[in-house]
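Here you go, one structure.
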Amino acid sequence: MAIRGSAILGALALAGVSLFGLSAKAEDVTINVWSLDRDIQPAPNLIADFNKLNTGIKVEYRQIQFDDVVSEAMRAYSTGQAPDIIAIDNPEHALFSSRGAFLDLTEMIAKSTVVKTSNYFPGPLASTMWDGKNYGLPKATNTIALYYNKDMFKAKGLDPNKPPQTWDELVDAARKLTDPSANVYGLAFSAKANEEGTFQFLPWVQMAGGSYEHINSEGAVKALDIWKTIIAEKLASPDTLTRGQWDSTGTFNSGNAAMAISGPWELDRMVSEAKFDWGAALLPVPEVGAERSSAMGDFNWAIFSNTQHPAEAFKVLEYFASQDDRMFKDFGQLPARSDIAIPETGVPLKDAALKVFIEQLKFAKPRGPHPEWPKISKAIQDAIQAALTGQMTSKEALDQAAEKIKAVLG
Amino acid sequence: MKRFLSSIIDGRGFDIGLVSLPLAFLLTLSGLPLLYNIVMSFQEVDMFSLGSFWRPFVGFKNYRDLFAQPETWPILANTATFVVASIVGQFLVGFGLALFFWTNFPGASWLRGLFLVSWVMPGLVVGAIWNWILSGDFGVLNFILRETGLIDGNIFWRSDPGFSLWAVIIANIWLGTSFNMILLSVGLSAIPRDLYEASELDGANVWQRFWTITLPMMRSSIGAIIALGLIFTLQQFDLFAAITSGGPNNASNVTQYWAWDLSFRQYDFAKGATISVIMIVFVMIASVVYVRSTRHEVRG
């Protein structure tokens, strides 16, 4: 009797627990979000704020490492464990959307009162598209422009208010500014054999009328020739080939390079480290009046297609989008929105540079979008490195890249 | 039943139990992944079929494709250079140091212990430090070479295709020397002193003693250290990631880094697996050498 009694009690307790669990489930929909943002970056903070609103949607956050984003997401998706929402690096967005791993948001966006595609810069928006449909929303954005040391410009008789406008002017200025005896290179940039190299080189190709589909066009060859000149004449450090953008720009901050090509992520460090007057300018173009272009970086939000709660997940995205105006003020990142003005920071050098980056963003183009982007990018990196080490001419290297890319595009 | 139980507590069953535990551990955590890797190298794998085992088999296509790529042979050659130069460098410097500390001057054992610091450091940290030392414009190595008049202009260790592989080799020799030294020191101390005394009485000089006693007595230690060196250098990944990333233009790319790059940068898992299979073959050869050369130790 005693045994039976406790068995009944146990069963009741179990039923109670499961009932309680069920009722909790009926109240709150749980949405899982993965991104690489740390505690001081947007995602965890926006999620905490969202959970405080008690909308009946509970968002759970998981931080993943940059190197693991794609492989983790892939593994999770193929085993049915994917989160509802993920932040994905923009060149990798198409890999997922082309395979139907991401949810088509076109209709939801059309009906939404919060999200309007016309509010976004064209480049970031294009990176979320595949086959004319929206598969995500830009999370933040960045691009690259030319930083230059105004004090060095003055010292070498260049006008500090007239940064180089064209490629030829850039090379000329670099020649004048290079001073081996003082350990100063004219320019710092990155031609590293990873995504950074492609990120820096592709804008040059696009300005000259080329693209990744036409990587061996005349303009692209000219662009690589200019890079070759810069490296061969030691107007930039030979270590440009193995150094990332962050380290390269470090040499600009320490006064060992007179100009640098990099993005707005450098601003805070530059303000604190650079002990000279500096400015930013739009990337020089092939010739006056030529088409402008620039690189486009940062992550996009997307919803996995096997989510149980597409409507709720989209509500979370809508909330994220509605907070885009905090992106810069609270987290120092640029929202991918043309309708949001970047507030003044009170640091004149930084504010002036930010204006240039916002202007440059209008011309920013996504890498791809293409599901096999990593392979395309690798072909471009190989070409850059083969040409800059002098093992091939620019034409040969880009012809080879074009062949590899053609094989990928099919 | 009782006999069975008692054999588990004390007897054959106990031995089998002891052996089967690590064996099961090895099979699940090393054997299965190894087989899986081999199977994968004969399949067509992409990111979306990563989760399933039954993927289309493509025969030797991955192998054919791999060897059709222009960078394959140079990378294999780089790997060979890297392995041979690293092992020779590590062994010579390590053996030299071991012999030096063997003379047992005051404080020798302390100094020998301190040398292990380099072995304890994580590869990425070592890589980051060598990255500064080898830096073209501001590197310490260039500064020393310039000040001593050995070179006129800076050598761009990381970015010059002629030097980049050697830059990693130098760092790797530094990293592996102390391990070589310790293992060889152990070997040296195991040689009975009376052998030397006897040969000294017979009038053998230092040189003759080294060639006829030290080296032959060290044979198994040397075989083991070279086999282990081969395995460790084929494993060396951190230094490449930290110093050259395989660049410029694959001049310092080696199979282990390339396999990672193919799998996790370009998401070409099948090719990554294919390279790993090729590497397994070499590591197997090294293991056979290792097992054969350490066999004597077990008997003794």
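Using 0.36 nm per residue of separation minus the Cα-Cα distance, give me the extension gain between residue A:78 and residue A:111 in nm, one decimal.
Working it through step by step, the gained length comes to 8.9 nm.
Could you give each residue of the range B:45-50 its phi-based ³J(HN,Hα) in whole Hz, using Karplus coefficients 6.51, -1.76, 1.60 with θ = phi - 60°, and x for Gly or Pro?
Each residue's phi maps through the Karplus curve to give 10, 9, 4, 8, 9, 4 Hz.
Also: Cα to Cα, under 19 Å, and not fewer than 8 places away if on the same chain: which lysines meet these conditions relative to residue A:111?
Reachable lysines: A:133, A:315.
Another one. Kindly put B:186, B:88, A:285 in sequence by how many other C-beta atoms sit within 10 Å of each C-beta, fewest to most.
B:186, B:88, A:285
Right, another one. Could you work out the relative contact order of chain A? I mean the mean sequence separation of Cα pairs under 8 Å and 6+ apart, divided by the number of residues, in percent.
26
Please work out the Cα center distance from the range B:195-249 to the range B:51-76, rounded to the nearest Å.
36
Could you list which residues have their amide H under 5 Å from that of residue B:43, counting only those 5 or more apart in sequence or on another chain, with H placed in the peptide plane?
Excluding prolines and chain starts, which carry no amide H, the hits are B:58.
Rounded, prolate or oblate: pick one for the protein assembly as shown, where a ≥ b ≥ c are the square roots of the eigenvalues of its C-alpha gyration tensor, a/c under 1.5 means rounded, and failing that, prolate if a/b is larger than b/c, else oblate.
Oblate, because a/c is 1.5 or more while a/b does not exceed b/c.
Starting with the fewest neighbours, write out A:287, B:71, A:72 ranked by other beta-carbon atoms found within 10 Å of each beta-carbon.
Fewest-to-most Cβ neighbours within 10 Å comes out as A:287, B:71, A:72.
Sticking with this one: So which aspartates and glutamates pass the test for residue A:162, namely a Cα distance under 20 Å, with those fewer than 8 places away in the same chain ruled out?
Qualifying aspartates and glutamates at Cα under 20 Å: A:151, A:172, A:277, A:287, A:291, A:351, A:359.
Would you mind getting me the FRET efficiency between residue B:191 and residue B:283? Use the beta-carbon distance for r and R0 = 41 Å, nearest 0.05.
The formula returns an efficiency of 0.85 here.
Then there's this: Output ³J(HN,Hα) for the range A:181-193: one whole-Hz value per residue in order, computed from phi by the Karplus curve 6.51 cos²θ - 1.76 cosθ + 1.60 with θ = phi - 60°, and x for Gly and Pro.
My calculation for the range A:181-193 gives 5, 9, 6, 10, 9, x, 9, 10, 8, 10, 10, 4, 7 Hz in order.
Angle, helix A:2-27 long axis vs. longest principal axis of chain A, Cα atoms, 0 to 90°, nearest 10?
The angle comes out near 40 degrees.
Step through the residues of the range B:225-230 one at a time and calculate ³J(HN,Hα) from phi using the Karplus curve (6.51 cos²θ - 1.76 cosθ + 1.60, θ = phi - 60°), rounding each to whole Hz and writing x for Gly and Pro.
Residue by residue, the range B:225-230 yields 5, 6, 5, 5, x, 4 Hz.
Relative contact order (percent) for the range A:44-137, with alpha-carbon contacts under 8 angstrom and 6 or more residues of separation?
Averaging sequence separation for qualifying contacts and normalising by length gives 22 percent for the range A:44-137.
Mind sorting A:93, A:370, A:214 by how few other Cβ atoms lie within 10 Å of their own Cβ, fewest first?
So the ranking, lowest neighbour count to highest, is A:214, A:370, A:93.
Please report how far the C-alpha centroid of the range A:33-58 lies from that of the range A:84-163, rounded to the nearest whole angstrom.
21
Taking chain A as the reference, fit the longest principal axis to its C-alpha atoms, fit the long axis of helix A:69-78 to the helix C-alpha atoms, and give the angle between the two in degrees, 0 to 90, nearest 10.
40
If you take the beta carbon distance between residue A:53 and residue A:268 as r and set R0 to 22 Å, what does 1/(1 + (r/R0)^6) give as a FRET efficiency, to the nearest 0.05?
FRET efficiency, residue A:53 to residue A:268: 0.10.
In nanometres, what is the gap between the two model label sites at residue B:27 and residue B:111, each 7 Å from Cα along Cα-to-Cβ?
The two pseudo-label positions are separated by 5.1 nm.
Also, I was wondering about something else. Name the residues whose placed amide hydrogens come within less than 5 Å of the amide hydrogen of residue A:58, ignoring near sequence neighbours (fewer than 5 apart) on the same chain.
Counting only residues 5 or more places away or on other chains, the set is A:29, A:30, A:31.
Give me the number: length gained by fully extending residue B:206 to residue B:125, i.e. 0.36 nm times residue separation minus the C-alpha to C-alpha distance, one decimal in nm.
25.1 nm
Only Lys, Arg, Asp and Glu count, each charged at its Cβ (+1, +1, -1, -1), so figure out the dipole size of chain B about its Cα centre, rounded to 20 debye.
Computed about the Cα centre, the dipole is about 880 debye.
Along the positive direction of the dipole of chain A (beta-carbon charges: Lys, Arg +1; Asp, Glu -1; about the Cα centre), which of A:370, A:389, A:311 reaches farthest?
The listed residue farthest towards the positive side: A:311.
Any lysines with Cα under 21 Å of the residue A:222 Cα? List them, leaving off those in the same chain fewer than 8 positions away.
Cα-Cα hits under 21 Å: A:192, A:234, A:365, A:378, A:395, A:404, A:406.
When the helices in chain B are scored as -39500 (n - 2.57) per DSSP H run of 4 or longer and the sum is shared across all residues, what 222 nm value do you end up with, to the nearest 500 deg cm²/dmol?
Helix contribution divided over all residues of chain B: -21000 deg cm²/dmol.
Can I ask one more? For the range B:57-298, rounded, prolate or oblate, judged on the Cα gyration tensor with a ≥ b ≥ c (square roots of eigenvalues), a/c < 1.5 rounded, else prolate if a/b > b/c?
Note, shape of the range B:57-298 comes out oblate.
A further question on this structure: Which whole-number percent gives the relative contact order of the range B:23-65, counting Cα pairs below 8 Å spaced six or more residues apart?
35
While we're looking at this one, here's another question. 5 Å is the cut-off here: which amide hydrogens, built 1.01 Å from N in the peptide plane, fall below it relative to residue A:285, excluding neighbours closer than 5 in sequence?
A:166, A:167
FYI, it's all coordinate maths here, none of it is from the lab. On a predicted model such as this, the values are computed, not experimentally measured, just so you know. Please note: Cβ atoms are built from the backbone with ideal geometry, for glycine as well, and neighbour counts cover all protein chains shown.
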